[in-house]
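The values are calculated or read from the model by the stated rules, or taken from the named source; none is laboratory data. Because the structure is a prediction, the values reported are computed rather than measured. For neighbour counting, all protein chains shown are included, and Cβ atoms are generated from backbone atoms with ideal geometry for every residue, glycine included.
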Amino acid sequence: MGLIITLILAGLILISFEVVVPGGILGTLGFISYAAACFFAYETYGPMTAILLFIGTLLLTALLLILEFKWLPKTKPGAKLFLKSTSGGSSKAHAQQDTIIGKLGKTSTTLAPSGMVEIDGKLYEAFSMDGLLEKNISIQVVKCDNFRLVVKKSR
């Protein structure tokens, strides 16, 4: 009986740490611990005890997670672990509309083949189709590719 209780407590601790250290490994180990406790309960006390233990551990886990997500963020140490608001910004990909395609600018850094370019007084990350481009070379925007501009040397 002591082994079964120890496995259940270990599972609860591992799953509660999963909330703080996400990644899935601790939660998986916690559920493996539950499965081992159910196996030993089945071997020692029979199938009905194992089923009741399984249902009880699931309910206990649900209660633990509800407490962690409702109560923990309201505590001083827990407040540091959870986000309270979202950022209002957006990625540069949204700023790089199709309207920038065809515009002329200059390299702010060496593009080898990636670097920074200046277009209309704003800095953008860019990729050079022409390979290496030195600083202060005139460029033209060819297209927008994910989070950067694709540029070529303007002729």
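Out of the residues in region 84-117 that are at pLDDT 80 or above and among the hydrophobic types (A, V, I, L, M, F, W, C), which is farthest from Val142 (Cα to Cα)? Walk me through it before giving the result.
At the first step, the residues of region 84-117 found to be at pLDDT 80 or above are 99-117.
Filter once more, keeping what is among the hydrophobic types (A, V, I, L, M, F, W, C): 100-101, 104, 111-112, 116-117.
Details: Ile100: 9, Ile101: 6, Leu104: 10, Leu111: 15, Ala112: 17, Met116: 15, Val117: 13 Å.
Filtering region 84-117 for residues that are at pLDDT 80 or above and among the hydrophobic types (A, V, I, L, M, F, W, C), the one farthest from Val142 (Cα to Cα) comes out as Ala112.
Taking into account only those residues within region 32-57 that are in contact with a helix residue (DSSP H, G or I) (Cβ under 7 Å, 6 or more places away or on another chain) and surrounded by fewer than 18 Cβ atoms within 10 Å (Cβ to Cβ), which is nearest to Ala79 (Cα to Cα)?
Initially, region 32-57 is screened for residues in contact with a helix residue (DSSP H, G or I) (Cβ under 7 Å, 6 or more places away or on another chain), giving 33-34, 36-38, 40-42, 49-50, 53-54, 57.
Retained after the next criterion (residues that are surrounded by fewer than 18 Cβ atoms within 10 Å (Cβ to Cβ)): 36, 40, 42, 49, 54.
Working: Ala36: 34, Phe40: 39, Tyr42: 41, Thr49: 39, Phe54: 32 Å.
Here the residue is Phe54.
Looking only at region 111-147, count every residue that is touching a Lys or Arg at 6+ places or on another chain (Cβ under 8 Å) and either of a type in the set (A, V, I, L, M) or assigned to a strand (DSSP E or B) (or both) and tell me the total. Show your work before the answer.
Looking only at region 111-147, we keep the residues that are touching a Lys or Arg at 6+ places or on another chain (Cβ under 8 Å), and these are 114, 117-120, 124-130, 133, 136-142, 147.
Within this subset, residues satisfying the condition of being either of a type in the set (A, V, I, L, M) or assigned to a strand (DSSP E or B) (or both) are 114, 117-119, 124-129, 133, 137-142.
Total satisfying the criteria: 17.
Identify, from the list Leu60, Leu81, the residue that is surrounded by 10 or more Cβ atoms within 10 Å (Cβ to Cβ), modelled with pLDDT of 85 or more and aliphatic (A, V, I, L, M). Explain how you work it out, then say what you get.
Numbers: Leu81 fails: modelled with pLDDT of 85 or more.
Step by step, each of Leu60, Leu81 is checked, and only Leu60 is surrounded by 10 or more Cβ atoms within 10 Å (Cβ to Cβ), modelled with pLDDT of 85 or more and aliphatic (A, V, I, L, M).
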